[in-house]
Amino acid sequence: MANFELKRVAEVIDQFSIIGKAYSVTPYGNGHINRTYVVETDTENGKKRYILQAISSVAFKNPIVVMDNIQKVTDFMSEKFDDPRSVLRLIYTNSGPCYHIDSDKNIWRMYDFIEDSICLELPESKEDFRQCAIAFGQFQQYLSDFPAETLVDTIPDFHNTPKRYEAFLAAVKEDKMGRAKDVKAEIEFVKAREDFYDVLMRANREGILPLRVTHNDTKSNNVMLDKDTRKALCVIDLDTVMPGFSVTDFGDSIRFGASTAPEDEKDLDKVWMDIEMYKAYIDGFLEGCGTMLSNDEIMLMPEGAKMMTVECGMRFLTDYLNGDTYFKITYPEQNLDRCRTQFKLVSDMEKKWDEMKEIAKSYTK
Ligand code: ADP
Ligand code: GN1
Ligand code: MG
């Protein structure tokens, strides 16, 4: 880490009411949005770890609202659990709030590090994936009596796919980096599916797909499993908890975790949607949700999976066309590689569509 960043981070840590003296700070995790560090401290009872994060001001126009939401949700959920590792625990600052604003207006927060846990980039087995599903399903169930009107949309229209499509078309038109000519096939792929993008919004207008309190970013690296039992432990990355659809939480997990390859795999022959993983996830998700989902919602799960995948591919492509300003990248064409895996997954889902629908149907009541 550069010296100036280290100095700034050290000053930030001093603002938080942590136990012990911090002796190391290391960049951590593979999130695409925030800057995440693990902080280690020496305490009278040995070492302790914390997660420190600078919230992305590109993604979140009002990070304080993000923190308000998280505070409300974690307070509400912590009353439902005995095991402290089941809910993210915010660390407060010495001056009171659960965040610190530095001299450059970055907003920082700290959490207890969830120890003895694992966080998977890709699930290693069907059972791992089923456990991720249980965690995200239970998350919706635990929040089913949360007062949704007290949450603010941290990113308005986050999973409004028709609006994402408009933003995509605008990026193609502007073509500010001159990249559109090299991604004609990808642009056509998005345009060819135009009629699909309103399917979930329409189901909502028709009254068969209700708004619930949802997570909205249900990748397997946003859930922790217990290291020994590998059972669902805790859902993390609560920045986008806001009203949304059950089936988009379901679908975003399929997009990421039922893929046979990492999100930026270059060899598309290695990328497809594993139908056995899809089955395992439906099973765990419905177990986690209990009885709260209607048959209409269950039947729209394949649409949720395809929607989240095509939307995410569209978002990666939009960011590529806009010059890579939203998602963190580690090499120049990474957003394009990410977009291509998503479109490969969409094509594969289209081939497996009838089977995806049949499996969903077998879970209706
Ligand atoms: P981003 O929004 O950038 O994805 P996350 O909140 O998901 O940021 O954090 C990035 C990574 O840091 C996670 O995928 C996970 O590996 C790790 N992480 C985050 N919070 C914790 C925590 N409380 N305990 C342990 N690991 C965590
Ligand atoms: C981002 O923050 P992270 O890495 O968990 C993004 C999601 C995308 C995902 C693609 C706030 O998730 O919407 O689906 O990347 N989060 C935000 O991997 O935009
Ligand atoms: Mg994350």
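The values are calculated or read from the model by the stated rules, or taken from the named source; none is laboratory data. A quick note: this is a predicted structure, and the numbers were derived from the prediction, not measured. All Cβ positions, glycine included, derive from the backbone under ideal geometry; neighbour counts span all protein chains shown. Keep in mind that these areas ignore ligands, DNA and RNA; they rest on the heavy atoms of the full protein, side chains included. Shrake-Rupley method; radii C 1.70, N 1.55, O 1.52, S 1.80 Å.
Annotation: residue 142 fulfils all but one of (1) touching a Lys or Arg at 6+ places or on another chain (Cβ under 6 Å); (2) surrounded by fewer than 18 Cβ atoms within 10 Å (Cβ to Cβ); the unmet one is (2). Considering 66, 58, the condition of being within 17 Å of the chain's Cα centre (by Cα), of a type in the set (Val, Ile, Thr), surrounded by fewer than 16 Cβ atoms within 10 Å (Cβ to Cβ) and under 21 Å from residue 107 (Cβ atoms) is satisfied by 58 alone. Of 217, 237, 228, all but one fail to be open to solvent by 20 Å² or more (accessible area, probe 1.4 Å) and more than 13 Å from the chain's Cα centre (by Cα); the exception is 228. From the list 40, 44, pick out the single residue that is open to solvent by 60 Å² or more (accessible area, probe 1.4 Å), of a type in the set (Asp, Glu) and outside the structural domain of residue 223 (by TED's automatic domain parsing). Selected residue: 44, the only one of 40, 44 that is open to solvent by 60 Å² or more (accessible area, probe 1.4 Å), of a type in the set (Asp, Glu) and outside the structural domain of residue 223 (by TED's automatic domain parsing). Here residue 108 meets each of (1) in the same structural domain as residue 13 (by TED's automatic domain parsing); (2) open to solvent by less than 10 Å² (accessible area, probe 1.4 Å); (3) touching a Cys at 6+ places or on another chain (Cβ under 8 Å) with one exception, condition (3).
When each of 174, 186 is tested for being open to solvent by 20 Å² or more (accessible area, probe 1.4 Å), farther than 27 Å from residue 69 by Cα and either touching a Phe, Trp or Tyr at 6+ places or on another chain (Cβ under 8 Å) or β-branched (Val, Ile, Thr) (or both), the lone residue that passes is 186. Restricting segment 187-245 to residues that are part of a loop (DSSP other than H, G, I, E, B) and within 12 Å of ligand 2 (Cβ to nearest atom), which is nearest to residue 85 (Cα to Cα)? By that ranking, first place goes to 236.
To keep it simple, each residue is scored yes or no on (1) surrounded by 23 or more Cβ atoms within 10 Å (Cβ to Cβ); (2) not assigned by TED's automatic domain parsing to the domain that holds residue 132; (3) not acidic (Asp, Glu).
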| position | (1), (2), (3) |
| --- | --- |
| 224 | yes, no, yes |
| 232 | yes, no, yes |
| 243 | no, no, yes |
| 283 | no, no, no |
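In segment 164-173, the count of residues that are touching a residue at least 40 places away in the same chain (Cβ under 8 Å) and under 18 Å from residue 248 (Cα atoms) is one or more. The set of residues in segment 292-332 being more than 16 Å from ligand 3 (Cβ to nearest atom), in contact (Cβ under 8 Å) with a residue 24 or more places away in the chain and in a loop (DSSP other than H, G, I, E, B) consists of 292, 293, 294, 300, 323, 325. Comparison of 53, 71 shows that the only residue that is within 14 Å of ligand 2 (Cβ to nearest atom), crowded, with 16+ Cβ neighbours inside 10 Å and outside any loop (DSSP other than H, G, I, E, B) is 53. Among the residues of segment 1-37, those that are of a type in the set (Phe, Trp, Tyr) and exposed (fewer than 15 other Cβ atoms within 10 Å of the Cβ) comprise 4, 23.
Being modelled with pLDDT of 95 or more, buried (at least 18 other Cβ atoms within 10 Å of the Cβ) and part of a helix (DSSP H, G or I), is that true of even one residue in segment 147-163? Looking through segment 147-163, at least one residue is modelled with pLDDT of 95 or more, buried (at least 18 other Cβ atoms within 10 Å of the Cβ) and part of a helix (DSSP H, G or I).
Looking across segment 170-180, just one residue is within 15 Å of residue 333 (Cβ to Cβ) and over 28 Å from the mean Cα position of the chain (by Cα), and that is 178. Of everything in segment 24-47 that is in a strand (DSSP E or B) and in contact (Cβ under 8 Å) with a residue 60 or more places away in the chain, the residue that is nearest to ligand 3 (Cβ to nearest atom) is 38. Across segment 82-101, the qualifying residues are those that are modelled with pLDDT under 95 and either assigned by TED's automatic domain parsing to the domain that holds residue 150 or touching a helix residue (DSSP H, G or I) at 6+ places or on another chain (Cβ under 9 Å) (or both), and the one among them that is most open to solvent (accessible area, probe 1.4 Å) is 84.
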